[in-house]
Amino acid sequence: VQLQASGGGLVQAGGSLRLSCAASGRTFRRDTMGWFRQAPGKEREFVAGIDWSGGSTNYADSVKGRFTISRDNAKNTVYLQMNSLKLEDTAVYYCAADVGTLRVGTRSGEYEYWGQGTQVTVSS
């Protein structure tokens, strides 16, 4: 089972990036998917989550109105569209799967599967 995150990179403040997380080895189309991030010297924090149907989403206050999570169950892929990026968005971004739940949790301990992370660096 593998979650492969991609799409990170270097972007100027105010710019946009789209992260993707492709799952293989197992279908996650019935599971909640989430994005977390970890900046140097800080704890991993919740960014956004989406339920299996895409009908329910949850966002950290710091990204509301700027980030959008979505999923394509046919492709077993979840996305994170990040707009109006700020310096403080710089972090390694991880996708994760919370198996067998209908809710969108915000705690990393609720998620069983994790991707390897993709670096997002926002410059001034």
Eligible aspartates and glutamates near K75 by straight Cα distance, threshold 19 Å, same-chain separation 8 or greater: D31, D51, D98
For the chain, the charge dipole (Cβ of Lys, Arg +1; Cβ of Asp, Glu -1; about the Cα centre) points to a positive end, and the Cα of W114, S62, L17 closest to that extreme belongs to L17
Counting only protein heavy atoms with a 1.4 Å probe and every protein chain in place, the carbon and sulfur fraction of the accessible surface of segment 1-112 in whole percent equals 46 percent
Once phi is turned into θ = phi - 60°, what whole-Hz ³J(HN,Hα) does the Karplus curve with 6.51, -1.76 and 1.60 give for every residue of segment 85-95, x standing for Gly and Pro? 5, 10, 4, 6, 7, 4, 4, 8, 9, 10, 9
With all protein chains present, calculate the accessible area of L102 using a 1.4 Å probe and round the result to the nearest 10 Å². 140 Å²
Residue-ordered couplings for segment 108-124, obtained by feeding phi - 60° into the Karplus form 6.51 cos²θ - 1.76 cosθ + 1.60 and rounding to whole Hz (Gly and Pro as x), are 4, x, 7, 9, 8, 10, 9, x, 7, x, 9, 7, 10, 10, 10, 10, 8
The chain: relative contact order as a whole-number percent, Cα under 8 Å and 6+ apart: 37 percent
Quick check on segment 24-110: what are the equivalent-ellipsoid semi-axes from the Cα gyration tensor, as sqrt(5λ), descending, whole Å? 22, 14, 12
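The values are calculated or read from the model by the stated rules, or taken from the named source; none is laboratory data. No experiment lies behind these values; they were computed from the predicted model shown. All Cβ positions, glycine included, derive from the backbone under ideal geometry; neighbour counts span all protein chains shown. These area figures cover heavy atoms from the full protein model, side chains too; ligands, DNA and RNA do not enter into them. Shrake-Rupley method; radii C 1.70, N 1.55, O 1.52, S 1.80 Å.
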